[in-house]
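Colleague: One structure is given below, represented as structure tokens, and several questions about it will come after.
The values are calculated or read from the model by the stated rules, or taken from the named source; none is laboratory data. Please read these numbers as outputs of a predicted model, since none were measured by experiment. Please note: Cβ atoms are built from the backbone with ideal geometry, for glycine as well, and neighbour counts cover all protein chains shown. Please note that ligands, DNA and RNA were not included when accessible areas were found on the heavy atoms of the full protein model with its side chains. Shrake-Rupley method; radii C 1.70, N 1.55, O 1.52, S 1.80 Å.
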Amino acid sequence: MAEVHPANELYIRMVADKQLSATDARMLLEPSGGQVGAIAHSEIDVLRWLAKEYGVPFSMLDDIEPDKQLLALFPARVLMKEELLPINQKDGLVFIATARLFSSQGLDALKTMTGLRLQPVLATREAIQREMKKRLGVGADTLGTLGEEATFQVVDDENEENTNLDDGAEDASIIRFVNQVLRDAIELRASDIHLEPFEDELRIRYRIDGVLQEVPVPAQIKRFQPAIVSRVKILSHLNIAEKRLPQDGRIKIRLDNAEVDIRVSVIPMLHGEAVVMRLLRQTATLRGMEQLGMDKRELRSFRKILGLPHGIILVTGPTGSGKTSTLYTALNEINDHVRKIITIEDPIEYQLRGINQIQVSEKAGLTFAKGLRAILRHDPDVILIGEIRDQETAQIAVQASLTGHLVFSTLHTNDAPGALSRLVDMGVEPYLVASSLEAVMAQRLVRVLCHHCRQVDTSPTTQALRVELKFAPQAIIYRAVGCRECRNTGYHGRRGIFEWMDISQEVRRLILKNASSGEIRSAACRLGLRGLSEDGWRLVQEGVTTPEEVFRVTKAQAVSEGSEDRAAELVVTSEPEKE
């Protein structure tokens, strides 16, 4: 059998899918006789050609707002199965977007069901699927099926003795809906899924790039709330009959050869149980030190610390600020055949080759403190503690560093100097903190501007900020706009900003005096400490992010008090614009 050139694969697929007739495929290949090496056209090119050839409209669906009342006239299940999207109605004619001009069974079915006159409008499959998800909501076809099944029954949420909810959750349609939500969140790079019950709705939101974004869902989803929550409980091995107490569980799924570990938290609320699922991608690729995004000075200091034989290195910041990823990158840098590295984590976010990793299990009695004691008997050179949560763990970490081990860990504080006070507050003696701690780094994640839609910001507020912060004359400040590529947020992806503090002799003396974090910060600044906001302004000057993002994630210590009002003004006046 002759090999098919990739240039012709689009036509073969479109013919098989009834998007393109065999005759038209041959016509498109005529310039080169349909032989290997034919010039490939994109799907948009082919559909435009078909529209012109057959007198059918073509649309990218960017500027079209489908009428919700019009959408309600058609069954969502049929629309999603046949990939048909009603766009608008004019003079008794309904325009329907489709990517398959020669597959008419879907349009025929809609004509029969509604009795309306339909006019096809060609659009790419990707555009139709995108708009369907936006207009009809995630799982609209699944919930449409549920509404038609007489056998499905939502059990009364207040009937505590009735456990038939399990049967409802096992309904194939509920299973498909939950699977669709999980798949959709993973494809959109979400870190968390929130299922939030209210009096008249079940709201679903994804946290993407650190910001919650509401997901369109069908209006009737509230009816199936108990069954959806129950399905999540079953997947995470929780008690579906217990609806009065918080529960924590775990789901592990495989999607397209990628493993995703999902941490599930269920808490009873006023109008039902709320669910939050944290998505941890096991196969996420680990970047090198250069890709962390640190400035040269901080990167040089970090690498110097990694060469020490013992001591504690702390990374601080709130949940979801990338602390663990930074520490994994550091471990990967020093992972060689002459050092034994052991980690104890909850949860294990990355699986690192050549590194011994321990998963904390509170139910089994394996806590950070107990596991850390066991680790010390395994002759390690380097230890990573997922988080210092209590006095016992902090004490053992300090002792481990004083007995010749290099210890990495994370701590929840707002800035680097605050970590020293936090350890003392936990009950660690100041002289132990001063002698064991080598460096502290605070970090945050700022959203990266979408390169498809960012625009130069020439507003007076931004120009005033440029003057006050003494930006370089050639620096270009951009603002977020929003487009299809970034889901109208203006941002895509995140970058780290860092605050590095070496523990100098002056800082050690202040620790011994039990000085406040403010005094320690002042001393560190005199020795060259650069705050989080200062590192953020570096990214603004490089055109990576916006001033609004820096103000959002930091206190902006580098800006004078008079600029706080300007920060608020920036946030108000720079809302992303729709294109």
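Colleague: Provide the per residue accessible area, probe 1.4 Å, for segment 423-467, rounded to a whole number of square angstrom. Let's see the in-between values first.
Modeller: Details: 1780 Å² over 45 residues.
Per-residue value: 40 Å².
Colleague: If you don't mind, there's one more thing I want to ask. Whole-Hz Karplus ³J(HN,Hα) for segment 85-97, in order, using 6.51 cos²θ - 1.76 cosθ + 1.60 and θ = phi - 60°, x for Gly and Pro?
Modeller: Per residue, the Karplus-derived 3J(HN,Hα) values read 10, x, 9, 7, 10, 8, 6, x, 10, 9, 8, 10, 6 Hz.
Colleague: Then there's this: What distance in nm separates the simple spin-label points at Lys81 and Gln359, each placed 7 Å from Cα in the Cβ direction?
Modeller: According to this spin-label approximation, the distance is 4.0 nm.
Colleague: Let me ask something additional. Using a Förster radius of 35 Å, what is the FRET efficiency between Arg373 and Asp256 based on their Cβ-Cβ separation? Nearest 0.05, please.
Modeller: After rounding, the FRET efficiency stands at 0.30.
Colleague: Right, another one. Taking segment 43-86 as the region of interest, what is the percent of Cα-Cα pairs per 5 angstrom bin, listed from the shortest bin to the one with the maximum distance?
Modeller: 5, 18, 19, 21, 21, 14, 3
Colleague: Still on this structure: Taking 7 Å along the Cα-to-C-beta vector as the label spot, tell me the Glu199-Ser516 distance in nanometres, rounded to one decimal.
Modeller: So the two model labels end up 4.5 nm from each other.
Colleague: Rolling a 1.4 angstrom probe over the protein heavy atoms, how many square angstrom per residue are accessible across segment 232-326?
Modeller: Working: 4750 Å² over 95 residues.
Result: 50 Å² of accessible area for each residue.
Colleague: Given a Förster radius of 60 Å and the C-beta distance between Ala219 and Leu299 as r, what FRET efficiency does 1/(1 + (r/R0)^6) yield to the nearest 0.05?
Modeller: 0.70
Colleague: How large is ³J(HN,Hα), in whole Hz, for each residue of segment 275-280 in order, when computed from phi with the Karplus curve 6.51 cos²θ - 1.76 cosθ + 1.60 and θ = phi - 60°, using x for Gly and Pro?
Modeller: Result, ordered by residue: 10, 10, 10, 9, 9, 10 Hz.
Colleague: Mind running the shape call on segment 167-309? Use the C-alpha gyration tensor, a ≥ b ≥ c as the square roots of the eigenvalues: rounded below 1.5 for a/c, prolate if a/b tops b/c, oblate otherwise.
Modeller: Prolate is the answer for segment 167-309, as a/c is 1.5 or above and a/b outweighs b/c.
Colleague: If you place +1 on the Cβ of every Lys and Arg, -1 on the Cβ of every Asp and Glu, and leave all else neutral, what size is the dipole of segment 227-373 about its Cα centre, to the nearest 20 Debye?
Modeller: Its charge dipole is roughly 180 debye.
Colleague: Label Val338 and Leu93 with points 7 Å out from Cα along Cα→Cβ: what is the distance between them in nm?
Modeller: 7.9 nm
Colleague: For segment 430-517, which whole percent of the accessible surface, found with a 1.4 angstrom probe, sits on carbon and sulfur atoms?
Modeller: Carbon plus sulfur share of accessible area: 51 percent.
Colleague: Another question, then. Enumerate the amide H contacts of Leu366 below 5 Å, restricted to partners 5 or more residues apart or on another chain; note that Pro and chain-start residues carry no placed amide H.
Modeller: Amide H to amide H, under 5 Å and 5 or more residues apart or across chains, Leu366 pairs with Ser361.
Colleague: Once you've got the Cα coordinates, tell me which of Lys304/Lys513; Lys252/Lys363; Lys52/Lys134; Lys222/Lys252; Lys233/Lys323; Lys233/Lys363 are over 21 Å apart.
Modeller: Lys304/Lys513; Lys52/Lys134; Lys222/Lys252; Lys233/Lys323
Colleague: Which trypsin sites (Lys or Arg not before Pro) in segment 250-295 sit in a loop by DSSP (not H, G, I, E or B) and have at most 16 other Cβ atoms within 10 Å of their own Cβ?
Modeller: Sites meeting the loop and neighbour criteria: Arg287.
Colleague: Given H placed 1.01 Å from N in the peptide plane, which residues other than close sequence neighbours of Arg444 have an amide H under 5 Å from its amide H?
Modeller: Ile497
Colleague: Roughly how many debye, to the nearest 20, is the charge dipole of segment 211-265 about its Cα centre, given +1 on each Lys and Arg Cβ, -1 on each Asp and Glu Cβ, and no other charges? Please report the intermediate quantities before stating the final value.
Modeller: On the way: 10 positive and 6 negative charges, 61 e Å.
Around 300 debye, computed over segment 211-265.
Colleague: Give, as ranges by residue number, the residues of segment 415-443 whose backbone N falls under 12 Å from the point 7 Å along Cα→Cβ of Gln391.
Modeller: Residues passing the 12 Å test: 424-429.
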